[in-house]
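Here the structure is laid out as C-alpha cells; the discussion comes afterwards.
Just so it is clear, none of the values below were taken in a lab; they were calculated from the coordinates. Note that this is a predicted model, so its numbers are computed, not measured. Positions of Cβ are backbone-derived with ideal geometry, glycine not excepted, and every protein chain shown enters the neighbour counts.
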Amino acid sequence: MSIVDDEYDARIDQMTIVQKMERSAAMLKWTREFIARQIKAEKPDISNERLRWEVAFRQYESEPQARALIEGILSRVPS
C-alpha cells in the first residue's frame, strides 16, 4: 500500500460510527446525483419518476432480483 492509502485508512479508522455512516450516506447521495445527471444529459425530457427508477436500475442492474423488479416498474412508468 502507498503512503496515501495508509493515511486514508488511518483517517477512516479515527472516525466514529456515526461519522462513517454520514460519509457513506453522502457518498451514496453524490453517486445517485451523478448518475441522474448522466441520464438527464442523455434524456433531457425524462420525468422525475422515471429518472428515479432509471438511477436505481443503473445502481442495481448487476443484481438479478433487483433488476427484474426495477424493469417491471420501468415498463409501467411513463417517460
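Among the residues making up the range 52-65, a single one is in a helix (DSSP H, G or I) and among the small types (G, A, S): A56. The set of residues from the range 39-79 being among the polar types (S, T, N, Q) and either out of contact with any helix residue (DSSP H, G or I) (no Cβ under 9 Å at 6 or more places or on another chain) or surrounded by 13 or more Cβ atoms within 10 Å (Cβ to Cβ) (or both) comprises S47, N48, Q59, S62, Q65, S75.
Yes/no matrix, rows are residues, columns are (1) free of Cβ contacts under 8 Å to residues at least 24 places away in the same chain; (2) in contact with a Lys or Arg (Cβ under 6 Å, 6 or more places away or on another chain); (3) assigned to a helix (DSSP H, G or I):
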position: D5; (1), (2), (3): yes, no, yes
position: R11; (1), (2), (3): yes, no, yes
position: M21; (1), (2), (3): yes, no, yes
position: W30; (1), (2), (3): yes, no, yes
position: I39; (1), (2), (3): yes, no, yes
position: R50; (1), (2), (3): no, no, yes
position: R67; (1), (2), (3): yes, no, yes
position: P78; (1), (2), (3): no, no, no
